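Take a look at the structure below.
The values are calculated or read from the model by the stated rules, or taken from the named source; none is laboratory data. Remember, predicted model here, so these are calculated numbers, not experimental data. Cβ sites come from the backbone with ideal geometry, for glycine too, and all protein chains shown count toward neighbours.
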Amino acid sequence: MRTVVHVDMDAFYASVETLRNPELRGKPVIVGGDPESQRGVVATCSYEARRFGVRSAMPMREAVKRCPHAIFLRPDMKTYERYSHRVHHVFESFTPLVEPISIDEAFLDLTGCEHFYDSLWEMGRKIKDQIAQSTGLTASVGIAPNKFLAKLASDAKKPDGLYVITPTQIDDFLLPLSVRRLPGVGPKGAEKLRLAGIETVADLRRRSLNNLQSLVGDRWGRFLYQLARGIDDRAVEPPSQSVSMSREVTFEEDIDDLATLKHVLAVQTADVGTRLRRAGLYAKSVFIKVRYGDYSTLTRRQTIASGIQDDDRLYEAASGLLDRLAPKRPVRLIGTGVTDLVKVRQVSLFEDPRKEQLSQVIDEINARFPHRVLKKGREWLPVDDQKPRAND
Ligand code: DCP
Ligand code: MG
């Protein structure tokens, strides 16, 4: 049995702002874009502002309507990142097995450490106390036998919450929940399940594996079948120690055209590929990052066991990931990169070694000129016009 802890800071950006300026304490604080602008959205808000119905990702104009007397602030990412690092240090004083999920959220694997504490509740209180001591901020902590349940637990008593789910308590906690609370079940998925008569986890539990797979497909069906039983075998995975290389760009105007986004990926993978070959490294993971206008950020990652360094395969992987991610809204930022870098590649019998040679020849020629003179067809595109925004 594992002991997985999920920690999520409360109203993170707004809490840091309140810490810096104690006059904000107890007041509705909204952090986000320009309230005057059409594009501005709420990044987050204090719990006082949430009482007026203000939420993350809501247009600023709507937030002003709902809570006109709030204090409106623009985000100060540098400061939030400094606090995020401090919180991370606290995590690492409890265990090296820390998987950061976002700027204010992480999973910790404390399996085997239980005997250092009187109870799992005490373990949770210690983590919260250390965070408060180091930063002055409150966090919500959930402790459970796996990631899925730990995340639900940290959410159960927010803000400043603590909740423990032991194996015998799983059913009491889980069965009454709406399926909407399950990871990956959005409004559309929930509607599909509702039409099939499934609204709560208890409804889900009554269905056979076959039934769920015929409803939502094989992979999703299996995933839901397991979640309904509180089963989740995913490990807490600390980020790989090896370095990564990446490249990203923020657009002047959000872009919703897939072909343009792929062109940008082509330029970025060519850049990353050049750096890989220069360092004599092969990448076993390729990832992409997509940020929408409301700052919500998605990443996708693919593992390539044999390791790659040529532009074609890097691009193929990145563009395949973008297809899978299938952006639903205009994209503000796109990036791609590689991790799990290794020196020596395991040779696969099915790969074409000429691909790498071609990339190397292009690098050699480019190295002799100040600008890249040789580019592959898909790199010719209008991205030079897309300058990063000043405030990113
Ligand atoms: N964030 C953002 N845009 C979003 C969602 C979040 O910029 N659409 C930022 C601001 C948040 C931070 O990320 O402070 C952490 O996100 P959370 O979802 O954890 O939200 P909060 O920490 O603000 O509140 P909660 O107490 O609900 O965790
Ligand atoms: Mg949070």
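Filtered by the rule that a residue be in a helix (DSSP H, G or I), of a type outside the set (Asp, Glu), free of Cβ contacts under 8 Å to residues at least 24 places away in the same chain and farther than 22 Å from Asp10 by Cβ, segment 53-79 gives a lone residue, Lys65. Criterion applied to Val29, Val64, Val4, Val16 was being under 30 Å from Phe148 (Cβ atoms) and either more than 10 Å from ligand 1 (Cβ to nearest atom) or modelled with pLDDT under 95 (or both), and the one residue passing it is Val4. Pick from segment 80-116 the residues that are among the charged types (D, E, K, R) and not in a strand (DSSP E or B): which of them is nearest to ligand 1 (Cβ to nearest atom)? Looking at the filtered set, the residue picked out is Asp104. Screening Gly230, Gly307, Gly273, Gly293 for residues that are farther than 30 Å from Val361 by Cβ, touching a residue at least 12 places away in the same chain (Cβ under 8 Å) and crowded, with 20+ Cβ neighbours inside 10 Å leaves exactly one candidate, Gly230.
For segment 19-45, a residue qualifies if it is surrounded by fewer than 21 Cβ atoms within 10 Å (Cβ to Cβ) and within 15 Å of ligand 2 (Cβ to nearest atom), and exactly one does: Leu19.
For segment 184-195, a residue qualifies if it is over 21 Å from Ile231 (Cβ atoms) and among the hydrophobic types (A, V, I, L, M, F, W, C), and exactly one does: Leu195.
Go through segment 134-184 and give me each residue that's touching a Gly at 6+ places or on another chain (Cβ under 9 Å), buried (at least 20 other Cβ atoms within 10 Å of the Cβ) and either assigned to a loop (DSSP other than H, G, I, E, B) or modelled with pLDDT under 95 (or both). Within segment 134-184, Asn146, Ile165, Leu182 qualify. Tell me whether segment 185-198 contains one or more residues that are surrounded by fewer than 17 Cβ atoms within 10 Å (Cβ to Cβ), over 30 Å from Asp104 (Cα atoms) and of a type in the set (A, V, I, L, M). Taking every residue of segment 185-198 in turn, at least one turns out to be surrounded by fewer than 17 Cβ atoms within 10 Å (Cβ to Cβ), over 30 Å from Asp104 (Cα atoms) and of a type in the set (A, V, I, L, M).
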